[in-house]
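Read-outs: derived from the displayed coordinates by stated rules, not from any lab. Owing to the predicted nature of the structure, the values given are computational and were not obtained by experimental measurement. Because the Cβ atoms are built from the backbone with ideal geometry, glycine has one as well, and the counts that use them run over all protein chains shown.
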Amino acid sequence: MKAFAQLIKTIDSTNKTNKKVEALANYFSIAPEADKVWTIAILSHRRPPRPVNTTLLRTYASELANIPLWLFEESYHIVGDLAETIALVLPNVESSTNKQLADFCQDLLDLKPQSEATKKAYMIEHWTQMDYYERFVFNKLITGGFRIGVSQKLMTRALAKATDLDEDILAYKLMGNWDPAKITFEELILEENKADYLSKPYPFYLAYALEGDLMDLGNPADWSAEHKWDGIRSQVIVRENELFVWSRGEELVTDKYPEFQEFVGQLPNGTVLDGEILAYPNNEIGSFKDLQTRIGRKNVSKKLLEKTPVILKVYDLLELNNEDIRKKPLAWRRKELEKLYTELRNEVSVFHLSEEVKFEKWEELVEERKHARAIKSEGLMLKKKEAVYGVGRKKGDWWKWKSDPFSIDAVLTYAMRGHGRRSNLYTDYTFGLWDENKEELVTFAKAYSGLTDKEFKELDAWIKKNTLDRFGPVRSVTPHHVFEIAFEGIAESKRHKSGVATRFPRILRWRKDKKLEDANTLEDLKALIPK
Amino acid sequence: MKTPLLVFNDKGIYCEKADVYIDAWKPVDKVIITHGHADHSRWGHQRYITHHDNIPIIKHRLGDIEVVGVDYGETFSVNNVKFSLHPAGHIIGSSQVRVEHQGEVWVFTGDYKLDDDGVAKAYENVPCHTFITECTFGLPAFNWRPQAEVFEEINNWWLENQQEGRTSVLFGYSLGKAQRILKFLNPEIGKIYTHGAIENMTEVCRNLVDFPLTHKITRETTKKELLGNMVIAPPSAHGGTWIRKMTPYVTGSASGWMTFRGARRRRAIDQGFVLSDHCDWNQLLEAVKNTGCEKVICTHGYTDIFSKYLRSIGYDARTEKTQYEEVED
């Protein structure tokens, strides 16, 4: 654990990517085998399931620190991170632990089904044996979320450096289901294992948002355009008469979409499709809200299947006849995909093609994008015809060009302290819109992003001076500041007091030029709901 | 009910009986100043009273003011109210103010810490009935480590950066923190350079305390001569053009706020060193206990939380609004 804690500390104390990669690569060349596997697991979001819930952790920590629970809670709101708060309030000890990372991870797996008394004894025993930083890392293992600026891609790069293996091959090996408690480093990274490959998806290729002008992309003839569908990015795999559906979060979701079983027996074995799962009620594309009724369900009832069926809007073909074709140009893959689609469209009802938008001049795309929303698309995707299918997010060949967001002017009504790098600053805001009489502000959205650090600082100081009331960590503030709030989607909602739910609300700009009474009304917002 | 010995009005902490203010934030006739930080020693008062060692510091900041110096423990009376200054351990020349009238004693701490840092005169416990305390770091999340450990870390960091061919840029408040850092840097590692604001303030303090040799960074200072050496700069220098001259450099910050990972990341600092000139949680509790006081008034910092905790353990504690800011420490 010492080496792992040191690794996290080193990574955490630099803003430079190269230094992070170097520290990780060093660690991968010296750490014990089992620790390496767990490190890969943790940095690719496969930490052990949480063995002790946070309520219990808070109670144990405040008891051990000899402070009342309310004081622990106050501290937590200010520190903004539970693992860090616990590590900070516990009494300092001089000792340090000799256990390895893998031992701890195994402990946590074993601890999960144990009684509360056993959990408490375990936590207290280990908290009192670790120095501050080990304690912090240990707590992070339990609470999750190592936000230390190491993406899976960066970790893979370091691993490639340490093992001399190709980065893309490593990324592929790390995909899918593997159990860090059972697999060895040898098996995971070094060995060639054909059986594992049966269910494995390919790393998703991701697009950046288009910057600058469309014209800068060059000759329109080099580009292919299609609509950007608002569903769940997925790979559908058929190999040896078995279906595997992977979501972009590398989650195997085959069971959630039983209608995709239709692909088996129709798609040739050794086929991998890349596309978007979309809700398809009443034989037309539904909204993301419709799809949400399917996302959380493990057991899909017959009723739900009938009410909200899904389709796969396919835009790419990654494997054909057991052959990885990602290195072929998009135009070539597209042609093969269209062939497959033409052949199967009548046999497989869930198989839909994301059609190309034909265009000769960029201006035509500007027009096309304007009515994206009407066909439930989020905007346009632009892909270079000669581009290979890459790994992860890369600039240059794939761009997303979303429709301009909706926006509305709202009033800041409540504020809460932020987390992570915004700890101890009021950066989490609630916004309200006027009711019909312009007398009361009705809460409609929360937003956390969109201001510069300087603006956050200014607003934080203002909030502290203009607090009306406190409710635990939340402060209500004098209604005064108007902000333009942008959001991607809007729908009616019974769960919200305002009767409206918005997607991805964020602050577009601070409207210092606007007065309180200039803010929009709830009616203005409702008028934006697509009919 | 008789008027309390000290009240908080719109101008500062006021002793009506003696018509004297302490650390007033609006211009007044007569004021006792605890220490030289800008939020405690403001411009525009008629007559200043402060510790001898603080005089050159506030004169450097406020220019030619009318000021009377006193020693620690020296008593002066105004209209039967006895005043004396006692070491606060915060920065050079910092004091607590003791106020006594007809056997009743009040103490205002200004800013303070209990640990002896070897630069400021060490904190002295002053028994009192009412203790007016700051609580900048009044949360159980703040627990300072011994400064010897922190300075070992700082010196090791400097050495490592030097071995990697980088200049170390360490941020610290120009009055107080900068001199404390300077005092314990190991001059055998390399040369110590300073930002102009720090050089000037340190020059003022050199008459009171010995410090290692420093070199002020000027327009003529070259990148090459800075390489591998230490630069002490005020936090405001971060992100500006001034710092580009240090390239390739690594940044560090020495402050109590560095306790929080988020605070360090927000400021985009490579390395945080937890080093504060204020009390941590346990020091605050110890200070309150040692004075033997019954009443506590919390002035700035996490006042609500700290006073609530004090009430839960039996003190008559409350908060008062002041205009002392949460400084960068």
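Taking 4 °C and 1.567 mPa s as the conditions, I'd like the Stokes-Einstein D for the stretch A:220-369 in µm²/s, using the Kirkwood hydrodynamic radius from alpha carbon pairs. Numbers along the way, then the final one.
Details: Rh = 16.2 Å.
Roughly 80 µm²/s, to the nearest whole number.
How many percent of all Cα-Cα pairs in the protein assembly as shown sit more than 37 Å apart? Write out the running numbers ahead of the final one.
On the way: 210719 of 369370 pairs.
Percent of Cα pairs beyond 37 Å in the protein assembly as shown: 57.
Would you please give the FRET efficiency between A:Arg373 and A:Lys512, computed as 1/(1 + (r/R0)^6) with r the Cβ-Cβ distance and R0 = 41 Å, to the nearest 0.05?
Numbers: r = 30 Å, r/R0 = 0.73.
According to the calculation, E is roughly 0.85.
If each residue of separation counts as 0.36 nm, what is the full-extension length gain between A:Glu356 and A:Lys395 once their alpha-carbon separation is subtracted?
Numbers: separation 39, 0.36 × 39 = 14.04 nm, distance 2.12 nm.
Result: 11.9 nm gained on full extension.
In the stretch B:119-258, if the dipole is taken from +1 on Lys/Arg beta carbons and -1 on Asp/Glu beta carbons about the Cα centre, which of B:Asn161, B:Thr241, B:Leu227 is farthest to the positive end?
Working it through, the farthest residue towards the positive pole turns out to be B:Thr241.
Between A:Ser115 and A:Asn53, with labels modelled 7 Å along Cα→Cβ, what's the label distance in nm to one decimal, could you check?
According to this spin-label approximation, the distance is 1.9 nm.
Summarise the partner chain shielding of B:242-252 as one whole number: the mean count of Cβ atoms from other chains within 10 Å of each residue's Cβ.
Values: counts 0, 0, 0, 0, 0, 0, 0, 0, 5, 1, 1.
Averaged over the peptide's residues, the number is 1.
Taking amide H atoms as placed 1.01 Å from N in the peptide plane, list the residues 5 or more away in sequence, or in a different chain, whose amide H sits under 5 Å from that of A:Lys228.
A:Glu378, A:Gly379, A:Leu380, A:Met381
To the nearest 20 Debye, how big is the dipole of the stretch A:461-513 about its Cα centre, given +1 on the beta carbon of each Lys and Arg and -1 on that of each Asp and Glu? Walk me through the intermediate numbers first.
Numbers: 12 positive and 5 negative charges, 45 e Å.
The dipole of the stretch A:461-513 has a size of about 220 debye.
Please find the FRET efficiency linking A:Ala221 to A:Val264, where r is the Cβ-Cβ separation and R0 is fixed at 41 Å, and quote it to the nearest 0.05.
Numbers: r = 39 Å, r/R0 = 0.94.
Result of the calculation: an efficiency of 0.60.
Which value in nm describes the separation of the simple spin-label points at A:Leu154 and A:Lys182, placed 7 Å from the Cα toward the beta carbon?
For A:Leu154 paired with A:Lys182, the spin-label model returns 3.2 nm.
Determine the gain in length on full extension of the stretch A:Ile529-A:His480; use 0.36 nm per residue of separation and subtract their C-alpha separation, reporting nm with one decimal.
Working: separation 49, 0.36 × 49 = 17.64 nm, distance 2.68 nm.
Roughly 15.0 nm would be gained on extension.
With 21 Å as the limit, write out which pairs from A:Lys200/A:Lys339; A:Lys307/A:Lys370; B:Lys177/B:Lys224; A:Lys328/A:Lys394; A:Lys465/B:Lys321; B:Lys113/B:Lys183 have Cα-Cα distances beyond it, or answer none.
Details: A:Lys200/A:Lys339 24 Å; A:Lys307/A:Lys370 30 Å; B:Lys177/B:Lys224 27 Å; A:Lys328/A:Lys394 17 Å; A:Lys465/B:Lys321 11 Å; B:Lys113/B:Lys183 18 Å.
Checking Cα-Cα distances, A:Lys200/A:Lys339; A:Lys307/A:Lys370; B:Lys177/B:Lys224 exceed 21 Å.
With Rg and the Kirkwood Rh both taken from Cα atoms, where does Rg over Rh land for the stretch B:147-273?
0.93
Quick check: pseudo-label points 7 Å beyond the Cα along Cα→Cβ at A:Ile30 and B:Asn186, how many nm apart are they?
2.0 nm
In the stretch B:239-278, which residues have a backbone nitrogen under 12 Å from the label point lying 7 Å from A:Ser96's Cα in the Cα-to-Cβ direction?
So the set is empty, nothing qualifies.
For the stretch A:228-245, just list the computed ³J(HN,Hα) in residue order, Karplus coefficients 6.51, -1.76 and 1.60, θ = phi - 60°, integers in Hz, with x standing in for Gly and Pro.
9, 7, 9, x, 10, 5, 8, 10, 10, 10, 10, 9, 6, 6, 10, 9, 9, 10
Could you list the residues of the stretch A:142-165 with an amide nitrogen less than 19 Å from a label point located 7 Å from the Cα of A:Asn18 in the Cα-to-C-beta direction?
Label zone hits: A:150-151, A:154-162.
Grab the Cα-Cα distance for B:Leu227 and B:Asn9, subtract it from 0.36 nm times how many residues apart they are, and report the gain in nm with one decimal. Present the calculation step by step, with values, prior to reporting the outcome.
Values: separation 218, 0.36 × 218 = 78.48 nm, distance 5.17 nm.
Taking 0.36 nm per residue and subtracting the Cα distance, the gain is 73.3 nm.
At a Förster distance of 60 Å, what's the computed FRET efficiency of A:Lys446 paired with B:Phe76, Cβ-Cβ distance as r, to 0.05? Present the calculation step by step, with values, prior to reporting the outcome.
Details: r = 57 Å, r/R0 = 0.94.
Taking R0 as 60 Å, the efficiency between A:Lys446 and B:Phe76 is 0.60.
Toward the positive end of the charge dipole of chain B, about the Cα centre and with charges on Cβ (Lys, Arg +1; Asp, Glu -1), which of B:Gly292, B:Val126, B:Ala141 goes farthest?
Value computed over the given set: B:Ala141.
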